[in-house]
Amino acid sequence: MDVSSNGKRSVLCLRYLNSRICKCIAILLVLLIVRAIVFPFSSFDRIEENGLVVIRNRSPFHLDKFLEVPQIVWGLNNQKIAFARACLTARMLNRTLLMPSLSASLFYKEVERLEPISFDKIFRYEEFNSRCNGFVRLGRYMDVSNRTKAIEMPKGSGRKWTVERDFEQLKEYSKEPFDQAEVVRIEGKNPFLWHDHWPVKDYAKVFECLVLVDEIEKEADKVISRIREVGSEVRSKLDTSATGAKARMLLQPVPYVAVHMRIEIDWMIHCKKLEQRSKMNQICSSKEEIVNRVGNIIGMKTPTVVYLAVADSLLNDSSISKGWKDGFVPLEKKKLGIDGIYKKYPYLVQSAIDYEVCLRADVFVGNSFSTFSSLVVLERTQKLMKTGVWNLCGTNVRWRSYAYNILGDSNGARRWIADMSDLSLEKISYGSNDTSCR
């Protein structure tokens, strides 16, 4: 074999390859330059699926450009949705969202009575930016150099203000001259009522970044600890003479079920009207129906403690802890001796504590037309997916959730997971009888 001949051929091949590589790189650069000239404003994609406009942002947001939104109102979870929608709006405009004001009170029909509360009094500001780094970002008003030059962006309303019109407005404000303003201030209705352009997974990402401040987190820990404590007391009374494996089993924590028991006065009025308008009968549930369907859930081990998450001040039924099957120990705030924890705080904080207790329960049962219940299930589904479980609707997985307003197997509550592939948050915002598990 002629080694020198092989060496020459190798050199020629390398030169040929290098020449082709250089040509490819040159062509690629020309294409990129042409694309930048022809499509100078393509910082986001507009995708239409099933009549819904979905926006995919592909550019990083400006750290020195901000979006300001109105005070966020209504219930805790409507406020969380409104906050996430504001974050995603800022993301599309390539802006940082100025930390909004939440509402501590629930007088959503009487704006003058709303009690504003800063976002960082409920959720950790720095932790939010750390977890959502590169996706969305919060800023403080002190970061703004000159608020007097803010450009106002009026949000449309009424039947003529469609999803497409809303998209066109956002696209317009992402270009010159609006994109040059340091602050764009949105004027108009509550962000919860803005048009939706983002898939469920984008909302879920924002929700994952929301972490309660230490004070509220510790109060939730106290409530959960008290629930577990009662569970241990119940189990210890079953067989004090047990030994060996049985004794070890008795030392294991008793599971707790959190039931978002929507039977308050305001809810019953709302759900009955909703049933009439939608011509459905799977929205309202009586106390008796809830008790029976929770008691008939397949695979529920006893004894088990049942935490009843209910707004006591709006409750018109003092018998919620009666009628439960043997082995189910219903617990409401007064019975647990934790009502004093809740009374220290305004509505928003009380709701945040209850949300955390429901989120961390071994089993959660709620109403599929409740925004509170729907967001709890969304976060529990997200946690479940991260464990790598393939059968999310299984009866033996962690963080199981059920909808008591929909009849499931063996006359129990229907198994429930959130549809993380949904292109709209509508089912979660306004409720649905589709629980993704049959």
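Just one residue in the set 407, 425, 384, 378 is over 19 Å from residue 311 (Cα atoms), at pLDDT 90 or above, in contact with an Asp or Glu (Cβ under 6 Å, 6 or more places away or on another chain) and not small (Gly, Ala, Ser); that residue is 425. Tell me, yes or no, whether region 149-172 has at least one residue that is open to solvent by less than 20 Å² (accessible area, probe 1.4 Å), acidic (Asp, Glu) and modelled with pLDDT of 90 or more. Scanning region 149-172 turns up at least one residue that is open to solvent by less than 20 Å² (accessible area, probe 1.4 Å), acidic (Asp, Glu) and modelled with pLDDT of 90 or more. Within region 267-316, being over 29 Å from residue 234 (Cβ atoms) and charged (D, E, K, R) holds for 272, 273, 275, 277, 279.
Each row is one residue, and each column tells you yes or no for (1) closer than 22 Å to residue 275 by Cα; (2) out of contact with any strand residue (DSSP E or B) (no Cβ under 6 Å at 6 or more places or on another chain).
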{"position": "346", "(1), (2)": "no, yes"}
{"position": "365", "(1), (2)": "yes, no"}
{"position": "369", "(1), (2)": "yes, yes"}
{"position": "393", "(1), (2)": "no, no"}
{"position": "406", "(1), (2)": "yes, no"}
{"position": "411", "(1), (2)": "yes, yes"}
{"position": "430", "(1), (2)": "yes, yes"}
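Applying the criterion of being under 16 Å from residue 370 (Cβ atoms) and among the small types (Gly, Ala, Ser) to the residues of region 384-435, the residue that is surrounded by the fewest Cβ atoms within 10 Å (Cβ to Cβ) is 432. Select from region 356-414 the residues that are acidic (Asp, Glu) and either over 14 Å from residue 294 (Cα atoms) or assigned to a loop (DSSP other than H, G, I, E, B) (or both) and list them in ascending order. Residues satisfying the conditions are 356, 362, 379.
With respect to (1) part of a loop (DSSP other than H, G, I, E, B); (2) in contact (Cβ under 8 Å) with a residue 40 or more places away in the chain; (3) open to solvent by 70 Å² or more (accessible area, probe 1.4 Å), the lone exception for residue 133 is condition (2). Restricted to region 288-301, and to residues there that are without any contact (Cβ under 8 Å) to a residue 60 or more places away in the chain and surrounded by fewer than 16 Cβ atoms within 10 Å (Cβ to Cβ), the residue that is farthest from residue 332 (Cα to Cα) is 301.
Counting the residues of region 46-88 that are more than 21 Å from the chain's Cα centre (by Cα), modelled with pLDDT of 50 or more and either acidic (Asp, Glu) or open to solvent by 20 Å² or more (accessible area, probe 1.4 Å) (or both) gives 7.
The values are calculated or read from the model by the stated rules, or taken from the named source; none is laboratory data. In this text, all values refer to a predicted model and were calculated from it rather than measured experimentally. As a convention, Cβ positions derive from the backbone with ideal geometry for all residues, glycine included, and neighbour counts pool all protein chains shown. With ligands, DNA and RNA removed, areas are computed over all heavy atoms of the protein, side chains included. Shrake-Rupley method; radii C 1.70, N 1.55, O 1.52, S 1.80 Å.
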